[in-house]
Structures are given as structure tokens and as C-alpha cells.
Amino acid sequence: QILEATVGNARMVLQIDNARLAADDFRVKWEAELSMRLAVENDISGLRKVIDDTNMARLQLEGELEALKEELIFMRKNHEEEVQSLQAQVSSSGLTVEVDAPKSQDLGKILAELRAQYDTLAQKNLEDLEKQWGRQITESTIEITQSSKEIDTARSTLVDLRRTVQTLEIDLESLRNQKAGLENNLLEVENRYRAQLEQLHGLVLRVEAELGQARAELQRQLQEHQDLLNAKDKLEAEIATYRQLLEGGEE
């Protein structure tokens, strides 16, 4: 029974050590997954900031484009007003002075050419501005799309990590419960075998006491037997002496 108790105790201790090692392994995995999840959350925060900055830059570019369009419209309007004013002055001069009519026609032609050149330059500047704005908007859109994809990937990774961490937490809790159960079983086994050992110890003491009594009784009986043998030998010696005396008297 003592050997079985020792073997059972050793087996229980081994199971507890295995459960403890498994729990430590799951704790290390859980800490690693938690660290990775925090890193992913930080990356998501950084990507969100990039998207916000990109949106702000796009809004700023749109505002600048609208301002430039309004400025172009204003400049066109002023140019048209100046041209109309000059044409009115030319027309007025042509009605009052006939000699100046050819010069007025030349001036109108020059103004028309200037206006055409100005319109061409303004249209070119507007087209260049729209191209630049469109290119910046396209680049911003690409960056936003890429950032959105990265955020979606990061979110998916975060969901997987959270699911893994949750599973590890459940497994860790299960191992802790298993460890606690094994420790309770070990305590019960130790208490039970301790009680049995105490009973065996009491039994050994009682047997030793009985054995001592038996030895004392045996010793007493041996002594009595020896005393009887001594008495027998003495009687036999006396009988032999009397026999010799009797035989001597007859002679």
C-alpha cells in the first residue's frame, strides 16, 4: 500500500507539472498574441491618421482650386469689362473724328488679339491647374484606397488575433482549473495516505508491543523449562546417588 501510495503521488505530481508547463506555454503564446494585437491596433491608428491627413490635404486642394476658379472668373469679368470699356471709347472716338477711324479699327484689332491671347493663356493656366489638381486628387485617392485596404487587412488580422487570444484565454483557464483539480486530488490522496500511514504506524506499534510481550512470555517459559530441566537433572543425580547407596548396602 505504501508503494502504491508513493507511485500514485509521483504520478499526480507529474500530471501537475505537465499542466503547469502547458499553462506556462499558453501564457507565453497569449502574451505574444496580445503584443501583436497591440501592434496591429497602433498600425490601424497610424493609418487612420494618414487617411485623415490625406482627406484634409484633398479638401485644402479643392478649396484652392475653387478659389483659383473664382479668381479666373473674376479676372475674365474684369477683362471683359476693360475690353468693353475700350471698345466703347473707340466707338465714341470713331463717331466724332473720322480721321481716327483707321487707328480705332487697328486698336480694336489689337485689343481682340490681346483678348484672344489672354483667353488662351487663362484657359491654358486653368487646364494646367485642373490637370495638377486631378493628378493630386488621383494620388490622394490611390493613397486612401491603399490605406483603406491596409486598414481592412489590419482589422481582419486584429479580429483573428482577438479570436486566437480568446481561445488561448479559454484554454488557459481550462488548464488552470485542471491544475487546481489535480492539486485538490493530490491533497486528498496525500491526506488519505497520511491517514493510512498513521493507521499502519499504530498497527506496527501495537504489533511490536505484542511481539515484545510474546518475547517476554517466551523468555519466561524458557526460563521455567530450564528450571524444570535443572530440577530434573538434580533429581536424577539424587536418584543415582540413592541407587548407588542401596547397591552398596546390599553387598
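The values are calculated or read from the model by the stated rules, or taken from the named source; none is laboratory data. Given the structure is predicted, the values throughout are model-derived calculations rather than measurements. Cβ: placed from backbone, ideal geometry, glycine included. Neighbour counts: every protein chain shown.
Annotation note: of SER35, SER85, SER45, SER92, the sole residue that is in a helix (DSSP H, G or I), hydroxyl-bearing (Ser, Thr, Tyr) and at pLDDT below 65 is SER92. The residues of region 182-207 that are surrounded by fewer than 12 Cβ atoms within 10 Å (Cβ to Cβ) and under 49 Å from the mean Cα position of the chain (by Cα), listed by number, are ASN184, LEU187, GLU188, ASN191, ARG194, ALA195. Scanning region 209-251 for residues that are in a helix (DSSP H, G or I) and acidic (Asp, Glu) yields GLU210, GLU217, GLU224, ASP227, ASP233, GLU236, GLU238, GLU247, GLU250.
Scanning region 177-198 for residues that are among the small types (Gly, Ala, Ser) and under 20 Å from LEU21 (Cα atoms) yields ALA180, GLY181.
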